[in-house]
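Novice: One structure follows; several queries about it will come next.
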Amino acid sequence: MLRPVLTRLLISLMACLLPALAPAATLADEDGYDLWLRYIPLEQPLADTYRPQATALVTYGDSPTLKAASDELHRGLKGLLGQTPASTLTDGAIVIGTIAQAPIPTLNITLPDNPEAYAIRKVTLNGKSVTLITGHSDQGVLYGAFAYLKTLQTGARLTDVTDAPRVKLRVLNHWDNLDGFVERGYSGASIWDWWRLPDLKDPRYTDYARANASIGINGTVLNNVNSKADSLTLPYLHKAAAVADILRPYGIKVYLSARFSAPIELGGLPTSDPLDPAVQKWWQDKTAEIYAIIPDFGGFLVKANSEGQPGPQDFGRTHADGANMLAAALKSHGGIVMWRAFVYSHDNPADRAKQAYDEFVPLDGTFADNVLVQVKNGAIDFQPREPFHPLFGAMPKTPLMMEFQITKEYLGFATHIAYMGEYFEETLRADTGHGKIGAATVAHVLDGSLHGYTLTGIAGVANIGTDRNWSGSDFEQANWYAFGRLAWNPHDSARAIAADWAKLTFSRDDRFVTPVTDLLMSSRETVADYMTPLGLHHLMGTSHHYGPAPWINDLPQPEWNPVYYHKADRDGIGFDRTQTGSDALSQYAPRAAAKWANPKTTDERYLLWFHHLSWDHKTRSGRPLWDELALTYTRGTSKVTDMRRTWDSLRPFVDARRHQAVAQNLKIQETEAVWWRDASLAYFRSVSHRPLPAGAPEPAHSLEHYQSLRFPYAPGDPGR
Ligand code: GCW
């Protein structure tokens, strides 16, 4: 009696499992080079009316950008549908061209008033039923082509689409040095082979351009903000021009980080005082020289009077004096200045979190109209969690642009999975309190709608290098992808973007997409839990920023020491930024500040950022703060174990090579999460003198062991 039941059970179990396991046999190994542009054959028919027969692809107009669009569609359609389209107008054809290009005006398509807008429409042209991809500009058409291919690849239903970016400048910042080293780079060396440029025409540069254009990125700063003046010399300008030539058809402009002291270092002038006429002339001549070589040069990014970099304050001038001098040189050429607000000073005793606001708010309204002030997402430095920077919303007369960090200096480098899309979204959706509820988020500052900025921008510190998979790991690609999508539309959904990325990069199967999207969406919180729980910040090792070192207290600048940030002692922990402390809270508009003013009502993920509290402080769970801290660390580590399990269960949907690569990283992440927990708790226990609560395991090693660890060869460390 039992046997047939068991057999039936077994058969139905197999029936459930087999389809799930089926894909594995057929999945060819991939190395990640193709990113989200894999164009592998569509495994199931698409039901929608836009499914191309791939009979034809017709281009109206002729330009390098239209050629790039047409090449991409050829490549995509051939890969996805297995056929190379012809070029005659037939039913089912895809037609591309700008809205002004005959015969497209006859179709009366309307587009938003934005030069980069595009539309995809099912239309009848010369009696043929075709899919039209059009835009005001060739660049718009290119974006439409990528959007069309994305829809095919994700298996979405293609209805009429009209879209335009909400932000003008969508820019990558490479922290790449001229010798190939990438500051905070975890994916190999710089992709810019300055030595062999300008002769080198690396096909990788074209693929870089394709990948960036596919997510709407339209600018790239080639060199590190900690810059060398050499990048402004003629030979290096020719090298940058060679890169610009390759990127141009893809609508990507080249920018350079400019060293403020270049007039002294290159020009032999005694000063780089921005009010000195000879200095002004030097920059005007230099700028003219650049435009003669790179006619569509984007402009300069400047880190000045920050972490030892030269700047206008060396001559008693302000940041605005410095930015405006460069802006004047760029103005007639159409260039812009991105002036960074990442400033803090060792001789300023004020809370580091307050210094940029104090310095820049008084300058509001004094910057030239081709200057943007580039502000990091938070007031300290790309920590696993930071409240949004109080400058957002506080400079109504100065376009502020965002600086996100795509490369994960403080979130486990390229090894740990931490989906930055979710982090970016958290910042973008934060209510600044500087306007109507629902219309005054950080995203509304950036898209210009809150203060009527006409110049808008979002920058991201790139995570791209020479690694075959570009970003140091397959999952790092998600952060590059999400950055581009959110720069295009800062109101977009990080979850929807994660799902798209998972489909494009691995599999469209729901049994894969749902768990991977969930994994991505919770991954950054997991990292915050095991590195910097409850609003702690800046607890990592000196210089390399790899691993925990909350005990460091002997560095010359106070704010370089983790103890400056956590202030833990026998009685309690946390940085009091309320009125009784540094009062950094007062830099926020009242509505935003109110959320964080009282520890009882503060979202506990920000608790110790704003409050110094007794170890006995009762948290929302009812547990005392000490226990809550220990259990949050522990929760973080067990969530990494869950991530490993999830990934293991997804083996059938991923080629063996990439599955294994990710699995190996997750194993490292699990080990390092435990290290973070154990080292941090061993230290905080030595300060609090409290026993670990039930559920928080005893650290594997002594505190002295963790304190003795050294990492002289950590990647990306500028001090090594
Ligand atoms: O996050 C810190 C980094 C530095 C970086 C600096 C900055 C480019 O540790 O490596 O320098 O910020 O943003 O200027």
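Readers should treat all values here as calculations from the given coordinates under stated rules, not as data from a laboratory. Just so it is clear, the structure is predicted and the values come from calculations on it, not from any experiment. A quick note on method: Cβ atoms are made from the backbone with ideal geometry, for glycine too, and the neighbour counts reach across all protein chains shown.
Novice: Pairs of alpha-carbon atoms within less than 8 angstrom and 6+ residues apart define the contacts here; what relative contact order does the chain have, in percent?
Specialist: That works out to 12 percent.
Novice: Largest first, please: the extent of the C-alpha atoms of the range 566-720 along each principal axis, to the nearest Å.
Specialist: 55, 40, 39
Novice: Using modelled backbone amide H atoms (1.01 Å from N, in-plane), which distant-in-sequence or interchain residues come within less than 5 Å of Leu57's amide H?
Specialist: Ala86, Ser87, Thr88, Ile94
Novice: Can you compute the FRET efficiency between Ser345 and Ala189 using 1/(1 + (r/R0)^6), with r the Cβ-Cβ distance and R0 = 35 Å? Round to the nearest 0.05.
Specialist: Working from the Cβ atoms, E equals 0.60.
Novice: Checking a compactness column here: for the range 359-499, what do you get for Rg(Cα) / (2.2 N^0.38 Å), N being the number of residues?
Specialist: 1.06
Novice: On to the next question. If each residue of separation counts as 0.36 nm, what is the full-extension length gain between Asp62 and Lys128 once their alpha-carbon separation is subtracted?
Specialist: 21.6 nm
Novice: Moving on to the next point. Gly457's amide H: which non-local residues (gap 5+, or another chain) put their own amide H closer than 5 Å, with H modeled 1.01 Å from N in plane and none for Pro or chain starts?
Specialist: Lys168, Leu169, Met402
Novice: Which of Arg591, Arg210 has the fewest other C-beta atoms within 10 Å, and how do the rest follow up to the most?
Specialist: Ordered by Cβ neighbours within 10 Å, fewest first: Arg591, Arg210.
Novice: Can you pull the Kirkwood radius for the range 169-505, inverse mean 1/r over Cα pairs, to one decimal in Å?
Specialist: 20.0
Novice: Please report the net charge: other residues with Cβ closer than 12 Å to the Cβ of Asn173, K and R +1, D and E -1.
Specialist: Counting the neighbours of Asn173, the net charge comes to +2.
Novice: Any lysines with Cα under 16 Å of the Lys150 Cα? List them, leaving off those in the same chain fewer than 8 positions away.
Specialist: Once the sequence-local lysines are set aside, what remains near Lys150 is Lys78, Lys503.
Novice: Let me make sure I get this right: for the range 46-163, a, b and c are the square roots of the gyration tensor eigenvalues over alpha carbons, sorted descending. Under 1.5 in a/c it's rounded, otherwise prolate if a/b > b/c, else oblate. Which is it?
Specialist: Cα axes put the range 46-163 in the rounded bin.
Novice: Asp642 label point, 7 Å along Cα→Cβ, cut-off 20 Å on backbone N: hits in the range 507-548?
Specialist: Residues passing the 20 Å test: 511-535.
Novice: Another question about this same structure. Once you place label points 7 Å from the Cα toward the Cβ at Ser649 and Asp202, how far apart are they in nm?
Specialist: Placing both labels 7 Å beyond Cα along the Cβ direction yields 4.1 nm.
Novice: A follow-up question, please. Which log10 I(q)/I(0) values does the chain give at q = 0.08 Å⁻¹ under the Debye formula, counting every alpha carbon as one identical point scatterer?
Specialist: Result of the Debye calculation: -0.67.
Novice: Quickly work out the Thr454-to-Val161 label distance, labels modelled 7 Å from Cα along the C-beta direction, and quote it in nm with one decimal.
Specialist: Going by the 7 Å Cα→Cβ label model, 3.1 nm.
Novice: Same structure, new question: Would you please classify the overall shape of the range 459-507 from the alpha carbon gyration tensor, given that a ≥ b ≥ c denote the square roots of the eigenvalues, rounded means a/c under 1.5, and beyond that prolate means a/b larger than b/c while oblate covers the rest?
Specialist: Since a/c reaches 1.5 but b/c is at least a/b, the shape of the range 459-507 is classed as oblate.
Novice: Considering the dipole of the range 556-676 built from charges on the beta carbon (Lys and Arg +1, Asp and Glu -1) around the Cα centre, which of Gly622, Ala584, Gly636 is farthest to its positive end?
Specialist: Result: Gly636, furthest along the dipole toward the positive end.
Novice: Place +1 on the Cβ of every Lys and Arg and -1 on the Cβ of every Asp and Glu in the chain, take the dipole about the Cα centre, and give the residue among Ala229, Ile668, Val516 whose Cα lies farthest towards its positive end.
Specialist: Val516
Novice: What does the charge dipole of the chain about its Cα centre add up to, to the nearest 20 debye, if the Cβ of each Lys and Arg holds +1 and the Cβ of each Asp and Glu holds -1?
Specialist: That gives a dipole near 1660 debye.
Novice: Are any of the pairs Lys595/Lys618; Lys331/Lys354; Lys201/Lys253; Lys286/Lys376; Lys354/Lys567 more than 25 Å apart by Cα-Cα distance, and if so, which?
Specialist: Lys331/Lys354; Lys286/Lys376, as the Cα separations exceed 25 Å there.
Novice: Check each of the trypsin sites (Lys or Arg not before Pro) in the range 361-460 and keep only those in coil by DSSP with at most 12 other C-beta atoms within 10 angstrom; list them in order.
Specialist: Passing sites in the range 361-460 are Lys397, Lys436.
Novice: Quick check: net charge around Ala164, other residues with Cβ under 11 Å of its Cβ, Lys/Arg +1 and Asp/Glu -1?
Specialist: Surrounding charge for Ala164 is -1.
Novice: What's the FRET efficiency of Thr55 with Arg591 using the Cβ-Cβ distance as r and R₀ = 51 Å, to the nearest 0.05?
Specialist: 0.35
Novice: Relative to the Cα centre, what is the charge dipole magnitude of the range 46-163, using +1 at the beta carbon of each Lys and Arg, -1 at the beta carbon of each Asp and Glu, and rounding to the nearest 20 debye?
Specialist: Rounded to the nearest 20 debye, it is 380 debye.
Novice: Working out 0.36 nm times the residue gap between His238 and Asn108, then minus their Cα-Cα distance, what length gain in nm do you get to one decimal?
Specialist: Going from the current span to full extension adds 42.5 nm.
Novice: I've got another one for you. Go ahead and run the numbers for FRET between Ala86 and Ala496, Cβ-Cβ distance against an R0 of 25 Å, rounding to 0.05.
Specialist: Between Ala86 and Ala496 the formula returns 0.10.
Novice: Once you have the Cα-Cα distance between Tyr291 and Gln664, take 0.36 nm times their residue separation minus that, and quote the gain in nm to one decimal.
Specialist: Result: 129.6 nm gained on full extension.
Novice: Provide Asp554, Asp509 in ascending order of the number of other Cβ atoms located within 10 Å of each residue's Cβ, fewest first.
Specialist: Asp554, Asp509
Novice: Amide H of Tyr419: which non-local residues (sequence gap of 5 or more, or other chain) have their own amide H closer than 5 Å, using H built in the peptide plane?
Specialist: Residues meeting the criterion, in which the H sits 1.01 Å from N, are Ser523, Arg524.
Novice: As a check on your grasp of the helix formula, calculate [θ] at 222 nm for the chain: sum -39500 (n - 2.57) over DSSP H runs of n ≥ 4, divide by the residue count, round to the nearest 500.
Specialist: -12000 deg cm²/dmol
Novice: Within the range 302-331, list the residues whose amide N lies under 12 Å from a label point set 7 Å along Cα→Cβ of Thr366.
Specialist: 313, 316-324
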